[in-house]
Amino acid sequence: MSTTRCTQWREKPFGPCFKAALIGGVSLSIALVGVFYRLPARSETQLLVNSAKDVESRTAPDLAGAIQALQEEFPDHDVVSTDPNELLAYAQSSYSQVPGSPHTVVVHVRGTEDVVKVVNISRRHLVPIVPYSGGTSLEGNLSAPPSGSICVDLSGMDKILAINELDADVVCQAGVTWNNLNATLKEKGIPLFFPLDPGRDATIGGMISTGCSGTNAVRYGTARGEWILNVTIVLPSSEVIKTRQRARKSSAGFDLTKLFIGAEGTLGIVTEATLRLAPLLPTRVAVAQFPDIRLATNAVCDVVDELAIKVLNTFGTSANAWPEKATLFFKFQGSEDVIRDSSRFVQSSISKHGATNYRLASDEQEGELIWQDRRNALFAGLAYRPGCKGWITDVCVPVSRLPDLIQAAKRDFEELGLVAPIAGHVGDGNFHALVLYKDEVELALVREAVSRINHKAIELEGTCTGEHGVGIGKRDYLLSELGEGTVELMRTIKKTIDPNNLFNPGKVCLVVLDHIK
C-alpha cells in the first residue's frame, strides 16, 4: 500500500540545515529472542543462524521486500510513502548544488524505536538507509545511492525532552531546530541559549551530523567543541547506544560523541542529544567599512565584500543603505561597560587597517536589524540575477592565510567571468562565496572556480569544508587534504561499524566492500 504526505511535504519540503540523525534501539539478537522466546533453545538458535546466513548470502537489495515489510510494520497511512514527489524531495535540499537521486521509500519516524524497526528491515533486506531531518545540506548528503534506499525522515522527532536549568543543559530529539530551542528557552524565561547558529531552522541532528558552526563560532566554537555532551545513536546493528553521561566533562574512555559529529549518518543515526547551554548575555552589533577585502580580512570578524553589500542594497529589505565597500560585522556580548570597552578597543584596532564609518548599534533591537542584513546575504545573492542558481563554497584556512585565499578566489571569479558575492565568518578563517550561474556553460565555469578554491585552501593548510560537510560534493578532495592513511582509517572505522555499508553509503569517504571488489 503506497501512501503519501503531499500536504505536509508542501508545507515544509526543506528545512535550513541538513538534520541527519542516528537512531537507537535493541540489538538484533535481543529483538529476535523477543519474537521467538516461546521456542525451544535449539530451534531458536537455528532460526537465528538461518536468518544471519540468509542476509550474508545476498548482496543485492530486496527493495520490494523492504517496502512490504515497512508497510506491515507501520500500517498507519501517513508513515510509509512511495509517492514520487516525496521520494525526490527528501533526497535533496532547496540550495543543493549536487542534485539528489530519489529514494525508493520514505519513512516518517516519530521516535528512536521507529528508527530501530527501520534499521532491522534495512539490514534484513540489504537496503541502504539515508537519514533526513532539515533538508538543507549542500553537498549531496541526502541523495539516494544507485541501488535505491530507505529515507528515514526524522523531522517529526522535534520534542524537547528535558530542560535542566541548574545544570545549563537540555535533552532534545534530533528534529528540534536550534532557533526553536532558543525561542522556547526565552518563552520560559530561562536566561540560557544554545550558541551554535548555522542557517535558520537547522536541526540538532543535522548540525551534529555535519559538524556545523555559524556566526558565533569565534566566541563559542563549533559542534566539535563541548556543546554536544552526548548523543543517542542507532547503530547499523540496530543497537541503541548513548555515547556518555550528562556530566559537563568526562575522561571515561574514547570520546565516541566526536566520532559521530561530522559523520553524516554513515556510522549511525542520531535520534537524541544532550546539549550544553550558555548564559544569555546582553548583545550589541557594530559595523565598519574598509577600502578593500584584504584590509577587512586582516582586521578579522564577520565579513561581506563590496559585491555582497551591493547585492544587499539591491535586495531592498534593509532599512540601511550601506556604502558599497568591504564590510565587517561585529557582535559584542556582556554588560554595558564590557560592550562599551570592547567596542572602543575594536574601533581603535580596525582603524589601523583603514576602517571607516564605524557604527555601534544603540540597542539590541537596532543590532538585530543590522545582523538581519548579514543573514539575508544568501537570499539577496540568489535574487540578484533572476533565474540564476547559486553554488556555495565553504573553505576554511588558518586566519592569517584568509586574505590570500579570498584574493585568489576573487581573481578566479574575475578571470572566469563569474558573479560571486562573498560573505564569511572570517574570524575563524571560514568564508562562503555564492557563485551564480544561469546555464550549463556557466555551471562548468563554476565547477572550475570551486575546484581552484578548494585546492588553494588545502594548499594553504586549510580544508575544503569548514561547516557544510563532505557528502558527495567534497569527497574527492579528502585524499589531498587528509592523506591516504587518514582516509583509509576512516574507511576501516566505517567497515567495522557498518560491514554491509548500508548507512548513507557513498558519503564522506567511498567504501568498497570486499565481496564486491
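Applying both filters, DSSP loop and at most 16 other Cβ atoms within 10 Å, to the chymotrypsin sites (Phe, Trp or Tyr not before Pro) of segment 368-412 eliminates every site. Rounded if a/c is under 1.5, else prolate if a/b is larger than b/c, else oblate: which is segment 379-437, with a ≥ b ≥ c the root eigenvalues of its Cα gyration tensor? Oblate shape, in that a/c is at least 1.5 and b/c is the bigger or equal ratio. Amide H contacts of G469 (H built 1.01 Å from N, in plane; Pro and chain starts excluded): no residue 5 or more places away or on another chain comes under 5 Å. Each residue of segment 281-289 in order: what ³J(HN,Hα) in whole Hz does its phi give by Karplus 6.51 cos²θ - 1.76 cosθ + 1.60, θ = phi - 60°, with x for Gly and Pro? For segment 281-289, the Karplus curve yields 9, x, 10, 9, 10, 10, 8, 8, 10 Hz. The long axis of helix 402-416 is offset from the longest Cα principal axis of the chain by roughly 90 degrees. Taking only the alpha carbons of segment 144-267, we obtain Rg and Dmax values of 15.0, 49 Å in that order. When a/c reaches 1.5 or more, the comparison of a/b and b/c decides; with that in mind, is segment 291-340 rounded, prolate or oblate per its Cα gyration tensor? Note, shape of segment 291-340 comes out oblate.
Taking a ≥ b ≥ c as the square roots of the eigenvalues of the alpha carbon gyration tensor, segment 209-273 is oblate, as a/c is not under 1.5 and a/b does not beat b/c.
Based on the mean of other beta carbon atoms within 10 Å per residue, what is the order of 435-445, 100-110, most packed first?
The densest-packed peptide leads the list: 100-110, 435-445.
Relative contact order of segment 258-416: 31 percent, from C-alpha pairs under 8 Å at least 6 residues apart in sequence. Taking every C-alpha pair closer than 8 Å and separated by at least 6 residues, the mean separation divided by the residue count of the chain gives a relative contact order of 16 percent. Proximity of backbone amide H atoms, modeled 1.01 Å from N, is registered between T203 and C17, K19, G134 at under 5 Å, excluding neighbours fewer than 5 places apart on the same chain.
Using 0.36 nm per residue and subtracting the Cα-Cα separation, the extra length available between L510 and D439 on full extension is 22.6 nm.
At an R0 of 35 angstrom, the distance between the Cβ atoms of L489 and T356 translates into a FRET efficiency of 0.10.
Of K456, K186, which has the most accessible area and how do the rest follow, probe 1.4 Å?
Greatest to least solvent exposure: K186, K456.
Per residue, the chain exposes 43 Å² of solvent-accessible protein surface, assessed with a 1.4 angstrom probe and all protein chains in place.
Among the chymotrypsin sites (Phe, Trp or Tyr not before Pro) in segment 195-300, which ones are in a DSSP loop with at most 14 other Cβ atoms within 10 Å of the Cβ? Mind listing them?
Loop-located and lightly packed - F254.
Taking Cα centre as origin and charging only the Cβ of basic (Lys, Arg, +1) and acidic (Asp, Glu, -1) residues, the dipole magnitude of segment 113-169 rounds to 500 debye. Computed from phi, the 3J(HN,Hα) profile of segment 226-237 under the Karplus parametrisation 6.51, -1.76, 1.60 (θ = phi - 60°) reads 9, 6, 9, 6, 7, 9, 9, 10, 9, 7, x, 6 Hz, with x in place of Gly and Pro. Calculate, in whole percent, how much of the Cα-Cα pair population of segment 416-517 lies beyond 24 Å. Percentage above 24 Å: 36. When H353, H455, H125 are compared by accessible area of protein heavy atoms, the largest-first order is H455, H353, H125, using a 1.4 Å probe. Estimated from the Cβ-Cβ distance and a Förster radius of 30 angstrom, the FRET efficiency linking V399 and L369 is about 0.60. Basic side chains Lys and Arg get +1 at the Cβ, acidic Asp and Glu get -1 at the Cβ, and with that the dipole of the chain about its Cα centre reaches some 520 debye.
Carbon-plus-sulfur accessible fraction, the chain (probe radius 1.4 Å, protein heavy atoms only): 54%.
Converting phi to 3J(HN,Hα) with the Karplus coefficients 6.51, -1.76 and 1.60 and the offset θ = phi - 60°, segment 426-431 yields 6, x, 10, x, 10, 9 Hz in sequence order, with x at every glycine or proline. When the alpha carbon gyration tensor of segment 348-418 is reduced to an equivalent ellipsoid, the three semi-axes, largest first, read 27, 22, 12 Å. Listed by chain and number, the aspartates and glutamates whose alpha-carbon sits under 15 Å from that of K352, ignoring those within fewer than 8 places in the same chain, are D292.
When the Cα convex hull of segment 92-131 is projected onto planes of every orientation, the mean area is 3.5 nm². The length gained on full extension between H77 and K249, counted as 0.36 nm times the residue separation minus their Cα-Cα distance, comes to 57.5 nm.
If the Kirkwood radius is taken over C-alpha pairs of the chain, then at 25 °C and 0.890 mPa s the Stokes-Einstein diffusion coefficient equals 102 µm²/s.
On average, how much area does the Cα convex hull of segment 103-184 cover when viewed from any direction, in nm²?
It is 6.4 nm².
For the chain, the longest principal axis of the alpha carbon atoms and the long axis of helix 178-187 meet at an angle near 80°.
Close amide H pairs (under 5 Å, H built 1.01 Å from N) link T215 with D197, residues at least 5 positions away or on another chain. For the pair S349 and E336, the difference between a 0.36 nm per residue extended length and the Cα-Cα distance amounts to 2.7 nm. Stokes-Einstein D for segment 256-376 at 37 °C, 0.692 mPa s, Kirkwood Rh over Cα pairs, in µm²/s? Approximately 200 µm²/s, per Stokes-Einstein. Taking the longest Cα principal axis of the chain as reference, the axis of helix 336-351 is set at about 70 degrees.
The values are calculated or read from the model by the stated rules, or taken from the named source; none is laboratory data. Remember, predicted model here, so these are calculated numbers, not experimental data. Positions of Cβ are backbone-derived with ideal geometry, glycine not excepted, and every protein chain shown enters the neighbour counts. Accessible surface is based on the protein model in full, side chains and every heavy atom, while ligands, DNA and RNA are left aside. Shrake-Rupley method; radii C 1.70, N 1.55, O 1.52, S 1.80 Å.
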